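Input: a single structure, listed below in structure tokens.
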Amino acid sequence: ALMPYITSQFLVRSHGDRPDVVPEGSTNLAFIGQYAEVPEDVVFTVEYSVRTAWTAVAGLLHLDKQPPPVYKGRHNPKVLVEALETLHRR
Ligand SMILES: Cc1cc2nc3c(=O)[nH]c(=O)nc-3n(C[C@H](O)[C@H](O)[C@H](O)COP(=O)(O)OP(=O)(O)OC[C@H]3O[C@@H](n4cnc5c(N)ncnc54)[C@H](O)[C@@H]3O)c2cc1C
């Protein structure tokens with residue numbers, strides 16, 4: 001069996017290095033899990049894998065209910081203030 005190093009998930013990458021969950025033109029094939037491309041999301045979470053599965057099912061079956069947008073903590077003023085406070089304490 002081929003088992004990638006767990007740190008391989010964190011390698012620098014660019015778009016195209018990983019397949020899109022539902023590749024363009026695909027009607028019955030999708031990629032799920034940590035090595036499928038999810039723009040803006042962060043790997044090494046269960047949420048990432050679940051999002052790929054939801055994206056795959058919703059995409060291939062043309063469902064209206066898509067996964068919720070990726071949470072962007074860096075756009076949340078409360079998170080930014082807490083980050084600054086943490087930096088200040090150091
Ligand atoms: C130490 C550690 C701590 C973590 N902590 C967190 C955390 O706190 N929070 C968080 O959100 N995430 C955490 N993660 C990440 C999270 O566990 C994974 O991202 C997630 O479980 C991946 O889910 P998956 O279903 O995509 O893949 P997996 O759970 O890896 O499932 C893949 C399955 O496919 C099976 N398989 C592989 N090859 C074949 C084959 N050829 N034929 C049939 N079956 C096959 C495997 O046996 C496995 O059961 C952690 C991971 C690790 C290792």
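The values are calculated or read from the model by the stated rules, or taken from the named source; none is laboratory data. These figures come from a predicted structure and were not determined experimentally. We place every Cβ from the backbone using ideal geometry, glycine too, and count neighbours over all the protein chains shown. These area figures cover heavy atoms from the full protein model, side chains too; ligands, DNA and RNA do not enter into them. Shrake-Rupley method; radii C 1.70, N 1.55, O 1.52, S 1.80 Å.
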Filtered residues of the range 47-77 (kept if in a loop (DSSP other than H, G, I, E, B), open to solvent by 40 Å² or more (accessible area, probe 1.4 Å) and within 22 Å of P23 (Cβ to Cβ)): L61, H62, L63, D64, K65, Q66, P69
Where residues in the range 15-34 are open to solvent by 70 Å² or more (accessible area, probe 1.4 Å) and modelled with pLDDT under 95, which of them is farthest from the ligand (Cβ to nearest atom)? H15
Give me the residue from the range 35-46 that is near the ligand (Cβ under 6 Å from one of its atoms) and open to solvent by 90 Å² or more (accessible area, probe 1.4 Å) and, out of that set, nearest to V12 (Cα to Cα). F44
Please go through the range 47-67 and pick out each residue that is farther than 23 Å from L2 by Cα and within 16 Å of the ligand (Cβ to nearest atom). E47, R51, W54, T55, A56, V57, P67
